[in-house]
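The values are calculated or read from the model by the stated rules, or taken from the named source; none is laboratory data. In this text, all values refer to a predicted model and were calculated from it rather than measured experimentally. In this analysis, Cβ positions are derived from the backbone assuming ideal geometry, glycine residues included, and neighbour counts consider all displayed protein chains.
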Amino acid sequence: MWNRRQFVFSLAAAANDAREDRQTLIFEGTSPNKLCCDTTLRELPDGSWVMVMLGGGDKEPMPENNLFVSRSKDKGKTWSAMEPIRLGIKERDPKRALVPTELTVYRKECWLYFANHDGTFRDWTTWVVKSRDGCRTWSAAEPVHPKIHKATFMRNMIVRRNGELVMPFQHYESSNGPENPRNGVLISADHGRTWTPHGWIRISPDDKYRGFPENNVVELDDGRMVMILRADRLGGVLFQAESTDGGRTWSEAKPTTIPNPGSKATIYHLGGQKVAMLHNPNPKVRNPLSLWVSFDGMRTWPYQRDLVTVPGRLNYPDGFVSKDRKYLHFAYDDNRYKAVYYGARLPR
């Protein structure tokens, strides 16, 4: 347990960490292409970085929505101009929207998962394309999985200690909008060649929930896997489910004491029972954007530091932990029209 003296020490340490943070503007949108959302920062095998996002048009959803990428060769100090991602399609259907939901870098390949819908989140299918040249050219699009090809978003993949790949998903039994999501994971024991779905976790037992759970998963050193879920309008907190058999079966999703207004949160294993979380710790609005760290397997969160407090909605933080575990590098969107890189110094 953390006592008061340790908690005061963590506040002092957080103040010191803040002085080592980094921040750079990646993109600032203007009409008629103002939109910036689903910001995802990843490090490529050659050490350079890419930031993939949803852009095109002024809002979401609309048919103009598309996939975009920016690059950095100097660890986030400078960024290339935002460019649409070319998927090998001669001409994109102007009546259909594309939405990125996950970019995984694994074994020198990039796997980009995206949704294709009619501009209103109807007639919604889910696909993956792969790149071997740093997200410059892509393979033909393939359905993500036969059982969840329709109305599914993929989330941040993790690699278990035994080498298995675990990728969370949120799936809707109807392809006509975000109604009654089922949450689970795809598991692969052969480096992503084949996958099996597990889970089927509901947020609301009466199936009246409508929203985007945007689930994230970590594996802890005690063998537990923990999943967090966004739960709009259900008490102003994140929900959580656990697995003790490598993601094959899961407990019911239950509310935590972690405040959240109904916004995406991401979690990152830092070794042992140490976990970092990026989220909005306010039950009413997406502000501030904060870094919390647990040292006891997500039971308590004594390290709490607000990173960004500028006015408005601060959304969709998603990134990676540096190899030396000194920084959590991520991108977020500022009020849906700015993409920002942030390097948060992690506690020693």
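Below is a table of values for the structure above.
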{"item": "Neighbours by Cβ (under 8 Å, 6+ apart or cross-chain): first from segment 185-207, farther than 16 Å from Tyr172 by Cβ; second at pLDDT below 95 and assigned to a strand (DSSP E or B)", "result": "Val185/Gly199"}
{"item": "Which numbered condition His171 fails, given (1) free of Cβ contacts under 8 Å to residues at least 12 places away in the same chain; (2) of a type outside the set (Lys, Arg); (3) more than 25 Å from Val50 (Cβ to Cβ)", "result": "(1)"}
{"item": "Exclusive hit being free of Cβ contacts under 8 Å to residues at least 40 places away in the same chain and in contact with a Lys or Arg (Cβ under 6 Å, 6 or more places away or on another chain), set Pro281, Pro261", "result": "Pro261"}
{"item": "Residue in segment 305-312 that is within 16 Å of the chain's Cα centre (by Cα), under 22 Å from Gly236 (Cβ atoms) and either surrounded by 19 or more Cβ atoms within 10 Å (Cβ to Cβ) or touching a residue at least 60 places away in the same chain (Cβ under 8 Å) (or both) present", "result": "no"}
{"item": "Qualifying residue in segment 336-348 (condition: touching a Phe, Trp or Tyr at 6+ places or on another chain (Cβ under 8 Å), part of a loop (DSSP other than H, G, I, E, B) and closer than 24 Å to Gly47 by Cβ)", "result": "yes"}
{"item": "Output for segment 157-208, where each listed residue is over 17 Å from Arg230 (Cβ atoms), of a type in the set (A, V, I, L, M) and either surrounded by fewer than 17 Cβ atoms within 10 Å (Cβ to Cβ) or at pLDDT below 90 (or both)", "result": "Val159, Ala189"}
{"item": "Pairs where the first residue, in segment 156-168, is free of Cβ contacts under 8 Å to residues at least 60 places away in the same chain and within 16 Å of Phe320 (Cβ to Cβ) and the second is part of a strand (DSSP E or B) and among the charged types (D, E, K, R), C-beta under 8 Å, 6+ apart", "result": "Met157/Glu102"}
{"item": "Residue pairs meeting the criteria (Cβ under 9 Å; at least 6 apart or on separate chains; first under 19 Å from Val159 (Cβ atoms) and free of Cβ contacts under 8 Å to residues at least 12 places away in the same chain, in segment 318-340; second assigned to a strand (DSSP E or B) and among the aliphatic types (A, V, I, L, M))", "result": "Ser322/Leu328"}
{"item": "Subset tally (residues that are of a type in the set (D, E, K, R), under 28 Å from Ala97 (Cβ atoms) and not in a loop (DSSP other than H, G, I, E, B)) for segment 17-42", "result": "3"}
{"item": "Test set (1) more than 21 Å from Lys59 (Cα to Cα); (2) in contact with a Lys or Arg (Cβ under 7 Å, 6 or more places away or on another chain); (3) surrounded by 21 or more Cβ atoms within 10 Å (Cβ to Cβ) - Leu270 fails condition number", "result": "(3)"}
{"item": "Lone qualifier among Gly247, Gly236, Gly223 - being surrounded by fewer than 22 Cβ atoms within 10 Å (Cβ to Cβ) and either over 18 Å from Trp292 (Cβ atoms) or touching a Phe, Trp or Tyr at 6+ places or on another chain (Cβ under 6 Å) (or both)", "result": "Gly223"}
{"item": "Members of segment 303-335 that are in contact with a strand residue (DSSP E or B) (Cβ under 9 Å, 6 or more places away or on another chain) and in a loop (DSSP other than H, G, I, E, B)", "result": "Thr309, Val310, Gly312, Arg313, Ser322, Lys323, Lys326, Asn335"}
{"item": "Count of segment 86-110 residues which are within 24 Å of Thr120 (Cα to Cα) and crowded, with 21+ Cβ neighbours inside 10 Å", "result": "7"}
{"item": "Given (1) more than 15 Å from the chain's Cα centre (by Cα); (2) without any contact (Cβ under 8 Å) to a residue 40 or more places away in the chain, number of the condition Arg230 does not satisfy", "result": "(1)"}
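For (1) within 24 Å of Ala18 (Cα to Cα); (2) out of contact with any Pro (no Cβ under 7 Å at 6 or more places or on another chain), each residue gets a yes or a no:
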residue: Arg230; (1), (2): no, no
residue: Asp245; (1), (2): no, yes
residue: Val275; (1), (2): yes, yes
residue: His279; (1), (2): yes, yes
residue: Lys284; (1), (2): no, no
